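The values are calculated or read from the model by the stated rules, or taken from the named source; none is laboratory data. Quick caveat: nothing in here was measured; it's all calculated off a predicted structure. Neighbour counts are summed over all protein chains in view; Cβ atoms, including those assigned to glycine, are modelled from backbone coordinates with ideal geometry. Keep in mind that these areas ignore ligands, DNA and RNA; they rest on the heavy atoms of the full protein, side chains included. Shrake-Rupley method; radii C 1.70, N 1.55, O 1.52, S 1.80 Å.
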Amino acid sequence: MTGLERMLAALRREEPDQVPLWELLIDRPVIEGLYGDISYEEFVERMDLDGITIFTNSKKKWLDSETYENEWGIIWRVGADGLAYPLEGPIRSEKDLDTYQIPDPDAEYRYRFAREAVERFKGEKAIIFLGHEAFEYSWYLLGGLDKLFINYIKNPQFVKRLSEVAWSFQSRLLENMAQVGVDILLTGDDYAGKTGPMMSPRHFREFILPYLQKAVDIAHQHGLPFIKHTDGNLWKIIDMIVDTDIEGLHPNEPLAGMDIGEVKAKYGHRIAVVGNVDCGMLLPLGSEEEVIEAVKETIAKASVGGGHILSSSNSIHPAVKAENYRAMVAAAREYGKYPLDSRMVETHRSKNYIARFRRT
């Protein structure tokens, strides 16, 4: 089977020839640690991953060596780890929103990376577009989650106007990417932290869920499956997420109490589970042997009967040891062949490797 066929079979909750492998993000230090100065696309080919994540091309205006302003007027700071974090937004009041103009979502340059990926990988690897709904860009525009949550209470109509502004851009990206030829749509707005959602279930239902539903609907209108990414402990809102008819849930973060075996047992008849080899502690700090054992445990809990795509519990970020990621991929290929080894499944399905890291 091709990588695309494996990914789509898993999202249909079927058994492919082997458990598919994919990562939401793979940062440069790990790529360079394994293969030197090669492109992300070449890395995906060399690692023989089944899917590739694509993004939009965008423009930045650098304010200094560490700070830039993007097309939305949002100020970002690049940290020592090479990752960017929002500092300040352009919307400080309803008056600002009255005159705010979103960037042009139809600008052709936004789709250069997508078109190149379609040209290179179409029909061979699953091409997954990482987009957004309205939640994250709402707080980016305001310059902080605290400002958004205060307005949930004090000015809910302002939040809904702001959400519509953010969605007017994000929805066009999803539509256009489907037209370009991607295979899967995904949104990456994070809803939760380690102990639970960042907002109440009531506020989630009122302000966030409608836009997740709209994103899922866009995918299905184009005949594409939809994967929802959100970190954190989702148990208080997971029913609402699953009820939108997503095909897959990523990453089922184990350090946040999202045991992938439990998610599979409760929801595996409705969704595929994507994840969840821990990248918070295990991949940065563990040994290769521990990584291999974690992969076997994850397969034993999540892959039986199909409906599982193996990945990390978030992304392959700069702190991940390159050799641990290589061990993870190799173990997935060795132990993820269908039919699964029944003895391996029986031995590992009751294990709990993450417990040690919760105590550290």
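For this structure, a couple of remarks:
- Any chance SER93 is among the hydroxyl-bearing types (Ser, Thr, Tyr) and under 18 Å from TYR137 (Cβ atoms): yes
- Index of the failed condition, GLY232 passing every other in (1) more than 24 Å from GLU5 (Cα to Cα); (2) open to solvent by 20 Å² or more (accessible area, probe 1.4 Å): (2)
- A residue that is assigned to a helix (DSSP H, G or I), touching a Lys or Arg at 6+ places or on another chain (Cβ under 7 Å) and small (Gly, Ala, Ser) cannot be found anywhere in segment 306-329.
- Cβ pairs under 7 Å, 6+ apart, first in segment 310-332 and under 17 Å from ARG28 (Cβ atoms) and among the β-branched types (Val, Ile, Thr), second in a strand (DSSP E or B) and modelled with pLDDT of 95 or more: ILE316/ILE26
- Screening PRO156 against (1) in contact with an Asp or Glu (Cβ under 9 Å, 6 or more places away or on another chain); (2) crowded, with 16+ Cβ neighbours inside 10 Å; (3) more than 21 Å from ILE26 (Cβ to Cβ) leaves a single unmet condition, (2).
- Segment 247-285, residues that are open to solvent by less than 10 Å² (accessible area, probe 1.4 Å), in a helix (DSSP H, G or I) and either out of contact with any helix residue (DSSP H, G or I) (no Cβ under 7 Å at 6 or more places or on another chain) or charged (D, E, K, R) (or both): ALA256, VAL263
- Screening LEU24, LEU49 for residues that are closer than 16 Å to GLU124 by Cα and either under 17 Å from the mean Cα position of the chain (by Cα) or in a loop (DSSP other than H, G, I, E, B) (or both) leaves exactly one candidate, LEU49.
- GLY193 fulfils the conditions (1) open to solvent by 20 Å² or more (accessible area, probe 1.4 Å); (2) of a type in the set (Gly, Ala, Ser); (3) out of contact with any Gly (no Cβ under 7 Å at 6 or more places or on another chain) except for a single criterion, (3).
- The set of residues from segment 286-297 being of a type in the set (Val, Ile, Thr) and surrounded by 23 or more Cβ atoms within 10 Å (Cβ to Cβ) comprises VAL291, VAL295.
- Residue in segment 173-184 that is most open to solvent (accessible area, probe 1.4 Å), counting only those that are within 19 Å of the chain's Cα centre (by Cα) and not β-branched (Val, Ile, Thr): GLU175
- Given (1) within 23 Å of the chain's Cα centre (by Cα); (2) crowded, with 24+ Cβ neighbours inside 10 Å; (3) in a helix (DSSP H, G or I), index of the condition ARG112 fails: (2)
- Considering residues of segment 77-111 that are touching a residue at least 24 places away in the same chain (Cβ under 8 Å) and touching a Pro at 6+ places or on another chain (Cβ under 8 Å) only, the residue nearest to GLU164 (Cα to Cα): TYR100
- The criterion of at least 3 residues that are small (Gly, Ala, Ser) is met, among helices (runs of 4 or more DSSP H) falling completely within segment 129-196, by 156-180.
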